[in-house]
1. Whole-Hz Karplus ³J(HN,Hα) for the stretch 42-54, in order, using 6.51 cos²θ - 1.76 cosθ + 1.60 and θ = phi - 60°, x for Gly and Pro?
2. Report the net charge of residues surrounding Arg16, where surrounding means a beta-carbon distance below 12 angstrom and charges are Lys +1, Arg +1, Asp -1, Glu -1.
3. Excluding Cys166 itself, what net charge comes from residues whose Cβ is under 13 Å from its Cβ, given Lys and Arg +1 and Asp and Glu -1?
Amino acid sequence: MSQEEIVVLLQKKDDRAYSILYDMYAKSLFAVITNIINNREEAEDILQEVFIKIWKNMDTYHESKGRFYTWVINIARNTAIDKLRSKNFNNNKKNLTTDNFVHLFDESNKSLFKIEAIGIQEFIKKLKPKCIALIDLLFFKGYTQQEASEELEIPLGTVKTQNRNCINDLRAFLKI
């Protein structure tokens with residue numbers, strides 16, 4: 001079944017779509033969540049929450065704004081980050097490094113997931129060390145810019161500028 005067909009079924013709230021969605025994306029979403037949370041039990045709970053959010057919010061997905069896969073990955077990432085930042089979560093359970101995050105992608109058996117991850121590690125390695133550290137904190141560990149500023153001991157304005165420059169560098173590598 002194609003992504004487009006799944007999206008249509010989900011938008012119609014067809015019960016079959018939920019099972020298909022789970023079969024297609026559970027491993028990929030779980031890998032993203034466990035990278036951020038690094039606690040299997042918590043990650044399983046969050047995965048369940050992510051699928052409920054997808055089901056309930058299907059009417060907010062619009063193909064013109066991006067791919068469905070990207071949309072569900074962002075829901076998983078944002079849900080995990082929200083959990084990480086919640087008062088009830090133990091802040092000592094920080095997530096893995098960027099290298100481990102990419103490793104999780106590479107180990108996935110889902111061909112669609114592999115396509116999404118091909119070469120990510122190589123592109124990240126091409127960045128300047130300060131960019132690697134900043135991207136690791138902001139995008140893979142879920143830090144806010146303020147938290148990254150404190151962690152790296154640099155001014156907030158510098159974090160914002162470096163973040164923009166690093167993302168532009170990454171975009172340039174991806175165009176090659």
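1. With the stated coefficients, the stretch 42-54 comes to 4, 4, 5, 5, 5, 4, 4, 4, 4, 5, 5, 4, 4 Hz.
2. Working: positive: Lys12, Lys13; negative: Glu5, Asp14, Asp15, Asp23.
Result for the neighbourhood of Arg16: -2.
3. Values: positive: Lys126, Lys128, Lys130, Lys160, Arg164, Arg171; negative: Asp136, Asp169.
Residues near Cys166 contribute +4 overall.
We did not get these values from a lab; they are worked out from the coordinates using the rules stated. It should be emphasised that the depicted structure is a prediction, and the values quoted were computed from it without experimental measurement. With ideal geometry, Cβ positions are generated from the backbone for all residues, glycine too; neighbour counts draw on all protein chains shown.
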